[in-house]
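The values are calculated or read from the model by the stated rules, or taken from the named source; none is laboratory data. Here the structure is a predicted model, which means the values were calculated and not measured. Glycine also receives a Cβ, built like all others from the backbone with ideal geometry; neighbour counts cover every protein chain displayed. To get the accessible areas, we keep the full protein, side chains included, count just its heavy atoms, and leave off ligands, DNA and RNA. Shrake-Rupley method; radii C 1.70, N 1.55, O 1.52, S 1.80 Å.
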Amino acid sequence: SVTAPRPRTGFRLADLTWIEAADMPGDGFPVLLPIGAAAKAHGPHLPLGTDRLVVEVVAERLLASMPVLVAPTIGQGFYPAFIDYPGSQHLSAKTFEAVVTGLIEGYLRHGAQRIVLLNNRVSTGARLPLAPHAIHKRPGIQVVTADLPRLGKSCDEQWAVPEGGHADERETSLLLAIAPGLVRMDRLSETAI
């Protein structure tokens, strides 16, 4: 008896049992690891979880169209500019790098060979190449970073200091499309951070 091949669609790791998850990385599924703040100030009009909401929508769209294994979102990160804003959570650079490296090592231990860090902030993006530095030297292992704030920009624009991008018109528009009920429209005229 010949078994039919597994359909090549994406899966959310959190939705699988450990038995179902056992073969996913070995089947060639790249692991998509979303990174977006679950609690970081975004002006007076956007929720603290803005970065997480955006990166998870992008991950869901990739999941719907590609054979990927979407890992749970890393909701804590390196956000030094926001430590004084109530509710904002921040890890030191060293701790953030250790968390990312530890998670990557875990996925590699379970058979993953390709990992995509789907990052939704500039401050975490600067730390990500340092996290898997030693991992990059391993043959057959690929760890790449896709920085959402830089996607769709020319090479020169990608490395320039981003204009806006935080609680600005673009980010507000994204939230209005994703979760309009969470945007405090009555606070748009207040000074944003």
Express as a percent, rounded to the nearest 5, the fraction of DSSP beta bridges in the chain (both residues included) that run antiparallel.
-> 0 percent
Using a Gaussian network model of the chain with C-alpha springs under 10 Å, which one of Leu118, Leu32, Leu108 is most mobile by mean-square fluctuation?
-> Leu108
Shape of the stretch 35-115 from its Cα gyration tensor (a ≥ b ≥ c, root eigenvalues): rounded if a/c is under 1.5, otherwise prolate when a/b > b/c, or oblate?
-> oblate
Roughly what angle does helix 93-109 make with the longest principal axis of the chain, taking Cα atoms, 0 to 90 degrees, to the nearest 10?
-> 20 degrees
Taking the chain as the reference, fit the longest principal axis to its C-alpha atoms, fit the long axis of helix 50-65 to the helix C-alpha atoms, and give the angle between the two in degrees, 0 to 90, nearest 10.
-> 30 degrees
Which of (i) 13.1; (ii) 15.1; (iii) 11.5 is the computed mean projected area of the Cα convex hull in nm² for the structure on display?
-> (i)
Mean ellipticity per residue at 222 nm, deg cm²/dmol - from DSSP H runs of n ≥ 4 across the chain, formula -39500 (n - 2.57) = -8500 deg cm²/dmol
Can you give the accessible area per residue of the stretch 104-150, in Å², using a 1.4 Å probe?
-> 49 Å²
With +1 at each Lys and Arg Cβ and -1 at each Asp and Glu Cβ, the charge dipole magnitude of the chain around its Cα centre, to the nearest 20 debye, comes out at 500 debye
Cα gyration tensor shape of the stretch 48-161, rounded if a/c is under 1.5, else prolate or oblate by comparing a/b with b/c = rounded
Residue with peak Gaussian network fluctuation, the chain [Cα springs, cutoff 10 Å], from Ala41, Ala81, Ala167 | Ala81
Charge dipole of the chain about the Cα centre (unit charges at C-beta), most positive-ward option of Ala177, Phe29, His42 = Phe29
Considering only Ile74, Leu130, Leu148, whose Cα is most displaced toward the positive end of the charge dipole of the chain, charges sitting on Cβ of Lys, Arg (+1) and Asp, Glu (-1)?
-> Leu130
Longest exposed-loop-site-free stretch of the chain, with trypsin sites (Lys or Arg not before Pro), DSSP loop and at most 15 other Cβ within 10 Å?
-> 9-152
When the accessible area of the chain is computed with all protein chains present and a 1.4 Å probe, what percentage of it is carbon and sulfur?
-> 58 percent
What is the extension gain from Val57 to His110, computed as 0.36 nm multiplied by their sequence separation minus the C-alpha to C-alpha distance, in nm to one decimal?
-> 16.5 nm
